[in-house]
Amino acid sequence: MEARFFPLALLAGALCSCRGYTLRTSVSWVVSSNDAAEDADLSEEAAPALLVDNAGGLWKQAHPSSDVPGDGAVSPAGRAEPEDGSVAQLSSRLFSYRLEKAEKSGPPPHQETARTARYIAHSSDWGHLATISTQDKIKGLPFGNIFSVSDGPQDNGTGVIYFYVTPMDYTVSDLKSNPYASLTFSEAEGEFCRQMVYDPEDPRCARLTLTGKMVEVASEELGFAKQAMFSRHPVMAKWPVGHKWFFMKMELIQVWLQDWIGGVSLIPLEDYFKATPF
């Protein structure tokens, strides 16, 4: 082989030895051919087993991107065209989710503490919930978990935080024993702190902790709770019914806010609910 063709041969060999990629919305990672086959066999019935039987398993149940309301992302098949088309066909069925939030207005002036608290509660799609653990090794100790949340649809923030949970979750077991919990949000979730180059622990990057009693949503409120959660997290509507998902909300006791240098604010509940996040 002539020397000038040797680099090309090396490059061709490297490309041939690469493992395949699957595209999931605009997120991709390397998988082996066995992984792709396993994904292709997933079904509505198989999904719960991934969560129950595999320690720390990730549910990979397939949902077409077109089923997510408002998801205008280009389909994976439109981004890549493999020779056999199998990867593109598979990737269009994989778990998809909205990567970009709707455009939101900036935060209120920090002096308006009640409004700032409502703004953070409404603009946050997830938070950190702390409970008192019932797990054997850490019984009676604090335990934190991440939950997707909503205080209402984008145009109707109420200040009441809703959850969609399963009895299979350790946190739900904790709440059955002790229903009181604290939910923490950080303004670092959005773009503001990054744009201002504020560290998440910088007091100017606001933090909100809501403490209260977690209760199951009553039947007359289920319609709004469903709209609140599914409008912000549409993929939840397709989660497997075998996990017995149900709606909870937090009945507030305290609203704690740090949104500037010089101390924290304990916001009266009346002021919190009177304020508007918009």
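Laboratory data are not the source of any read-out in this text; all were calculated from the coordinates shown. This one's a predicted model, so the numbers in the text were calculated from it and none came from an experiment. FYI the Cβ positions are ideal-geometry reconstructions off the backbone, even for glycines, and counts take in every protein chain you see.
Structure notes:
- Subtracting the Cα-Cα distance of Phe246 and Met168 from 0.36 nm times their residue separation leaves 26.9 nm of extension gain.
- Each residue in Tyr272, Tyr170 was given a count of other beta-carbon atoms within 10 angstrom of its own, and listing them fewest first yields Tyr170, Tyr272.
- Backbone geometry of region 216-224 corresponds, through the Karplus equation with coefficients 6.51, -1.76 and 1.60 at θ = phi - 60°, to 3J(HN,Hα) couplings of 6, 5, 5, 4, 5, 10, 4, x, 5 Hz, x marking Gly and Pro.
- Whole-number percent relative contact order across region 130-278, with pairs defined as alpha carbons under 8 Å at least 6 apart: 26 percent
- Share of alpha-carbon pairs per 5 Å distance bin for region 113-274, given as whole %: 2, 9, 17, 21, 20, 16, 10, 5, 1, 0
- Arranged from fewest to most other beta-carbon atoms within 10 Å of their beta carbon, Met229, Met196 become Met196, Met229.
- Semi-axes of the equivalent ellipsoid of region 124-203 are 27, 18, 9 Å, computed as sqrt(5λ) over the eigenvalues of the C-alpha gyration tensor in descending order.
- Added length on full extension, which subtracts the Cα-Cα distance from 0.36 nm per residue, Lys274 to Glu220: 17.2 nm
- C-alpha center-to-center spacing [region 181-221, region 109-153] in angstrom: 6 Å
- 16 Å cut-off, amide nitrogen to a point 7 angstrom out along Tyr180 Cα→Cβ, residues in region 247-278: 250-256
- Computed from the Cβ-Cβ distance with R0 of 41 Å, the FRET efficiency linking Ile253 to Asp199 stands at 0.90.
- As a proxy for reagent exposure, ranking Arg204, Arg232 by other Cβ atoms within 10 Å from fewest up yields Arg204, Arg232.
- Anisotropy class of region 198-238 from Cα gyration tensor, a/c 1.5 cut: oblate
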